1. State, in angstrom, two size descriptors of the range 156-195 derived from its alpha carbons: Rg to one decimal place and Dmax to the nearest whole number.
2. Enumerate the calculated ³J(HN,Hα) couplings along the range 70-84 in order (Karplus 6.51 cos²θ - 1.76 cosθ + 1.60, θ = phi - 60°), each rounded to whole Hz, writing x wherever the residue is Gly or Pro.
3. What percentage of the solvent-accessible surface of the range 131-240, computed with a 1.4 Å probe over protein heavy atoms, is contributed by carbon and sulfur atoms?
4. Just grab the label-to-label distance for residue 288 and residue 204, each label 7 Å out from Cα along the Cβ direction, in nm (one decimal).
5. Mind running the shape call on the range 85-221? Use the C-alpha gyration tensor, a ≥ b ≥ c as the square roots of the eigenvalues: rounded below 1.5 for a/c, prolate if a/b tops b/c, oblate otherwise.
6. Ranking request for peptides 93-103, 67-77: highest mean number of other beta-carbon atoms within 10 Å first, then the rest in descending order.
7. Would you work out if the range 108-158 is rounded, prolate or oblate? Take a ≥ b ≥ c from the square roots of the eigenvalues of the alpha-carbon gyration tensor; rounded if a/c is under 1.5, else prolate when a/b is larger than b/c, oblate otherwise.
8. What's the extension gain from residue 259 to residue 68 if we count 0.36 nm per residue and subtract their Cα-Cα distance?
Amino acid sequence: MLPYIFELTNFSDLHKYADSDNLCNIRGFVIHAFPVKQADPDCTSRDIIIVNEEKKLMFMTLWNEFEHDEGSKIADMISTAPLIIALRVKVTTFNTLSFTTRYSSGILISPPLPDDFSFKQWFTLNKEEIQNLLNAKTYSDANCFLPPPNEEDIKAISTFQASFPIQKAAWVQGTVKLAYGFTKYWTTACVNCHKIVNADIDWIIHCPSCKQQSEVELRARIPIIITDPSSSIHCIISGEDAEKMIEFTPLQLKQAQEDGFGIDTELNDALKKYTVVCFLKSYETPFQGQLQRKNTVLRAYTAAELSHHPLPLALLENTQVTSALGSSSARHPEKSSKDQMFTPTTKLVLEEIAGASSYKEGQTSTTSGAKRSLDFPEYLPADTLPEHATKTAEQFAKEPAKSYSPPGNMKDSPAKED
């Protein structure tokens with residue numbers, strides 16, 4: 001029995017650690033192990049799926065020595081859904097939110113803990129529901145990772161901008177408008193991980209990001225400006241989050257660009273109706289010899305979607321703000337919808353596109369990324385039964401995450417960072 005204390009992080013709080021240098025200790029059952037991936041001759045990795053008492057399924061990537069040592073053991077034990085404690089792991093925004101090992105990480109497999117029996121009993125009672133969550137691939141569902149935030153988790157845009165690079169992801173709220181100066185409002189992406197790929201939609205590719213065989217889908221990709229009373233921020237919103245706020249499908253956006261039809265005014269008229277709460281990711285990329293900061297919306301909720309969760313910040317109408325993080329092309333003066341109406345020709349063409357579209361609905365892949373089936377144990381091993389069980393599984397599930405401290409002799413294991 002380990003008499004130590006680990007400060008464990010709840011999966012519902014992971015957004016606070018995303019892309020930061022603050023590492024987490026977590027505990028859960030590994031319910032699936034993907035095959036090993038070879039990034040290059042000196043770099044291997046393995047993705048596993050871990051679930052905790054919140055019934056949240058999360059990706060964890062094990063790199064190099066972690067893949068070779070702990071990953072191999074976990075894969076061999078996967079039919080028993082081994083319990084692990086992962087120490088000092090990083091929360092990344094890959095796959096919306098996921099874990100990855102670092103040089104200083106440590107992984108304990110089946111550690112003897114004071115409430116070990118209660119946790120395993122909880123898992124046994126809920127294994128059918130967990131299997132259904134696995135089959136539904138909730139580990140790739142942003143709605144599960146990023147539900148509507150609490151009021152205290154929403155940052156003023158100016159605060160978020162000033163906190164970079166210490167804080168690279170946060171919830172913000174504001175009104176929306178189009179960032180003018182762009183002509184392309186669509187992209188092609190991997191169906192599995194939604195990363196942009198340069199491929200046609202009828203291709204089957206081996207995705208360079210998720211390393212999986214995948215179909216290619218069309219996705220809306222709209223540059224927007226989010227404004228609150230403190231500031232404004234330029235960012236990109238993609239996929240379903242973008243498509244629910246505009247009146248065009250991705251195929252219509254593509255066809256409009258290829259046929260030379262300008263739809264900026266129509267997009268802006270649709271977007272400016274909304275107040276949104278967004279989880280933003282901020283990052284830097286090289287541009288003309290300098291680093292340029294960019295922002296991406298990972299999850300967005302509209303006011304209508306939050307009707308049962310009142311928006312916490314009062315947004316002032318016509319607030320004068322200072323725009324930050326925008327390029328010169330994005331600061332194109334906004335055009336009035338009174339001056340530019342939707343021309344009959346454009347409307348006719350786009351309606352014809354919508355009616356004749358052979359674009360498949362949903363654009364979902366029927367091929368699962370999972371290469372193994374999960375075989376949950378039908379009973380608990382006899383040596384896990386204590387003489388006196390002090391808690392029921394129901395009581396355990398209602399408790400906050402426990403704390404256990406690391407052994408003093410635990411050493412950091414070297415592993416390549418992602």
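The values are calculated or read from the model by the stated rules, or taken from the named source; none is laboratory data. These numbers were taken from a predicted model, which means no experiment stands behind them. Ideal geometry is used to build each Cβ from the backbone, glycine not excepted, and the neighbour counts take in all protein chains shown. For the accessible areas, the whole protein counts, side chains as well, though only heavy atoms, and no ligand, DNA or RNA atoms are used. Shrake-Rupley method; radii C 1.70, N 1.55, O 1.52, S 1.80 Å.
1. So, for the range 156-195, Rg and Dmax equal 14.7, 34 Å respectively.
2. Coupling constants for the range 70-84: 5, x, 5, 5, 4, 4, 5, 9, 4, 5, 9, 6, x, 8, 10 Hz.
3. 49 percent
4. 4.4 nm
5. oblate
6. Values: 93-103: 21.9, 67-77: 18.6.
My ranking of the peptides, most packed first, is 93-103, 67-77.
7. Numbers: a/c = 2.97, a/b = 1.66, b/c = 1.79.
Oblate shape, in that a/c is at least 1.5 and b/c is the bigger or equal ratio.
8. Taking 0.36 nm per residue and subtracting the Cα distance, the gain is 63.5 nm.
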